[in-house]
């Protein structure tokens, strides 16, 4: 696989028995689907070892906002999304394979924001609770209800005009 930023071959390293693909050119790291979960806790020895390893590659990125192609599914453009409901760190995720690309220092930032085991899960629960309590859901529900009413009206109208006797 090649680095989505530098197009150089990624180097395979093993951390805690898990193979990761690291870019020596930019310090980014590729996590296959569900691998990132094993490294996000700041208390995780695997996470600490990986952050320490990645610090040697700390190089400025040309443009972090650039859309990247997946290193695994090279014809698929990864989507940018926030790592958590705190909306502080943007990561790149492949919609095809579920893999995640972290740029240099992003794992370290995740550890700073979520220093203890369970902090991430707690932040996600709080985010969902806030969304549910907000009026945004009720606004969307109202829009949905109006949309359904319109569809039902059109359906009734079409049934009415198609069941009329011919003149």
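Filtering the stretch 76-93 for residues that are over 15 Å from the mean Cα position of the chain (by Cα) and either assigned by TED's automatic domain parsing to the domain that holds residue 52 or exposed (fewer than 11 other Cβ atoms within 10 Å of the Cβ) (or both) leaves an empty set. Residues that are surrounded by fewer than 16 Cβ atoms within 10 Å (Cβ to Cβ), in a helix (DSSP H, G or I) and under 19 Å from the mean Cα position of the chain (by Cα) within the stretch 1-56 comprise just one, 37. Listed residues 114, 82, 57, 127; which is in contact with a strand residue (DSSP E or B) (Cβ under 9 Å, 6 or more places away or on another chain) and either free of Cβ contacts under 8 Å to residues at least 40 places away in the same chain or farther than 16 Å from residue 30 by Cα (or both)? Result of the check over 114, 82, 57, 127: 82. Is the stretch 124-136 home to any residue that is surrounded by 12 or more Cβ atoms within 10 Å (Cβ to Cβ) and closer than 25 Å to residue 4 by Cβ? Among the residues of the stretch 124-136, not one is surrounded by 12 or more Cβ atoms within 10 Å (Cβ to Cβ) and closer than 25 Å to residue 4 by Cβ, which makes the answer no. Residue 71: in the same structural domain as residue 28 (by TED's automatic domain parsing), at pLDDT 90 or above, assigned to a loop (DSSP other than H, G, I, E, B) and farther than 12 Å from residue 30 by Cβ, yes or no? Judged against the criteria, residue 71 is not a match.
The values are calculated or read from the model by the stated rules, or taken from the named source; none is laboratory data. Quantities reported herein were computed from a predicted structural model and do not represent experimental measurements. Using ideal geometry, Cβ is built from the backbone for each residue, glycine included, and neighbour counts are taken over all protein chains shown.
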